[in-house]
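Below is one structure, written out as structure tokens, with a few remarks after it.
Computed from the coordinates by the stated procedures, all read-outs in this text should not be read as laboratory data. Just so it is clear, the model here is predicted, and its values are computed rather than measured. Here the Cβ positions follow ideal geometry from the backbone for every residue, glycine too, while neighbour counts run over all protein chains shown.
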Amino acid sequence: MMSLIPELVTARKLLKLTQADVAKTSGLSRMTVQRIEAGEIDPRLTTVLEMARTLKMELVVVPAALRHEVEVFVQSKSTSLERPPTEEAAPFILGAVANQSPEGDGPA
């Protein structure tokens, strides 16, 4: 599993933004951005989402029951959610979502 905060730091540096730039656009203090990046505080999800948007990233919450399928799909670099032609490719993700109960215990 990837660690999110280092990914945000990498994106910030690639965009040549300072912590102050991210703070201003995200509505945070520079000290808060610095402390998040240093791992000194555990930010709220809304804070991370705002930082990600500032860095031209979109975060997606994935149900735990679909984590493996989504990881395989992303690693396959597929551009379609249709059923892939090979056995190794990710299962049809939308069908898997449709078969989940609200609690994620399996078929609804």
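Extending 7 Å from Cα along the Cβ direction at Ile5 and again at Asp21 yields two label points whose distance is 2.2 nm. The distance between label points at Glu71 and Ser29 comes to 3.8 nm (points 7 Å beyond Cα on the Cα→Cβ vector). Checking the cross-link filter: which lysines have an alpha carbon closer than 29 Å to that of Lys24, excluding same-chain neighbours under 8 positions apart? Here the lysines satisfying the reach criterion relative to Lys24 are Lys13, Lys16, Lys56. Sort region 4-54 into rounded, prolate or oblate with this rule: let a ≥ b ≥ c be the square roots of the eigenvalues of the Cα gyration tensor; rounded if a/c is under 1.5, and if a/c is not under 1.5, prolate when a/b is larger than b/c, oblate otherwise. Rounded shape, in that the Cα axes give a/c under 1.5.
Relative contact order of region 4-54: 35 percent, from C-alpha pairs under 8 Å at least 6 residues apart in sequence.
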